[in-house]
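Have a look at the structure below, then the notes.
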Ligand SMILES: Cc1cc2nc3c(=O)[nH]c(=O)nc-3n(C[C@H](O)[C@H](O)[C@H](O)COP(=O)(O)OP(=O)(O)OC[C@H]3O[C@@H](n4cnc5c(N)ncnc54)[C@H](O)[C@@H]3O)c2cc1C
């Protein structure tokens, strides 16, 4: 019911330019004009019917054609639960393979989001297949998981990537996980993030194709690593480190990074299935609940803040 409720729809606009692909691409074009890149993701998760998965694949194929047709350098990021991971890993593998093939054909870089901890093994296994079979691609790793240091070692092992170093987007982690699986304390998570980012930067010295994106709005962490940016090649993808921030969050920091020409990509979500994703954004910052409450009051149409 919530996604059909007008004030809630207006409140979510703080975090996404719109539900439609055209709205997301208009925002992407503006961001590119301003000097940053974009990663685009079609919202949705936990699909458990093959027709739904096919619709998602068609949506991404259409998006890839539009991105190429409009001359944008937009990258895409997919959730495997949206491609049927819990339905049947083989359906997911086939869907991901089609997206990777078309992304490679149209020149768009493909990222894979990381979801719940129970899906990490399957996600990394499918990611490895894409990397080895279709060329450059990236995956998200969550600093809060106890297992992530080992996952980094596994991804950087030559037997895993076989000459195509992965892209890694390091984030803190957005899902509720138990203490046996993930760090719970915010400062411990921040410390782990910093430690893993440093480790990745060091490993990058021996593995130049490794792409390292820090997905965070944490100004302290961003300042820590801003100084590590250095162009080692002509392409923006050759930067030692780049920053990825979500559309609408810390726009002041986004402008500052753009002005200083720090390698930056804005992650834009679009689509009608925004509810579970929006709830995670609310949970990350209690002040967002106040903004939502204000939007729900009579006359409180504008939830920007
Ligand atoms: C590009 C990108 C991709 C991501 N992909 C994934 C993924 O695949 N899997 C996954 O588990 N998680 C993903 N995340 C979410 C991530 O795990 C964190 O939950 C989220 O980024 C909040 O953590 P933070 O690093 O910004 O630090 P925090 O310490 O949570 O926040 C730092 C500051 O950023 C601002 N801020 C952060 N979140 C919000 C918010 N929701 N609303 C308003 N202000 C906010 C506040 O000013 C806050 O003080 C992604 C995040 C980004 C930026």
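The values are calculated or read from the model by the stated rules, or taken from the named source; none is laboratory data. Every value quoted in this text rests on a predicted model; they were computed, and no experiment measured them. Because the Cβ atoms are built from the backbone with ideal geometry, glycine has one as well, and the counts that use them run over all protein chains shown.
Mind telling me which of the residues 38, 53 ends up being under 16 Å from residue 100 (Cα atoms) and surrounded by 15 or more Cβ atoms within 10 Å (Cβ to Cβ)? Walk me through how you get there before you give the answer.
On the way: 38 fails: under 16 Å from residue 100 (Cα atoms).
The unique qualifying residue is 53.
Only one of 139, 120 is within 16 Å of the ligand (Cβ to nearest atom), assigned to a helix (DSSP H, G or I) and under 22 Å from residue 196 (Cα atoms); which?
Numbers: 139 fails: assigned to a helix (DSSP H, G or I).
Among 139, 120, only 120 is within 16 Å of the ligand (Cβ to nearest atom), assigned to a helix (DSSP H, G or I) and under 22 Å from residue 196 (Cα atoms).
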Take the residues of the range 1-33 that are outside any helix (DSSP H, G or I) and exposed (fewer than 13 other Cβ atoms within 10 Å of the Cβ): which is modelled with the highest pLDDT? 20
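Would you confirm, using the coordinates I've provided, whether residue 52 is touching a residue at least 60 places away in the same chain (Cβ under 8 Å) and under 24 Å from residue 278 (Cα atoms)?
No; evaluated as a whole, the condition is false for this residue.
Which of the residues belonging to the range 66-92 are assigned to a helix (DSSP H, G or I) and surrounded by fewer than 19 Cβ atoms within 10 Å (Cβ to Cβ)? Working first, answer last.
Quick first cut of the range 66-92, residues assigned to a helix (DSSP H, G or I) only: 66-69, 80-83, 89-92.
Listed by number, the residues that qualify are 66, 68, 69, 89, 90, 91.
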Which condition number does residue 178 fail, the rest of (1) more than 12 Å from the ligand (Cβ to nearest atom); (2) surrounded by 12 or more Cβ atoms within 10 Å (Cβ to Cβ); (3) under 24 Å from residue 279 (Cβ atoms) being met? (2)
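Go over the candidates 228, 256 one by one and state the one that is under 23 Å from residue 197 (Cα atoms) and either part of a loop (DSSP other than H, G, I, E, B) or modelled with pLDDT under 75 (or both).
Working: 256 fails: either part of a loop (DSSP other than H, G, I, E, B) or modelled with pLDDT under 75 (or both).
None of the others qualify; the one that does is 228.
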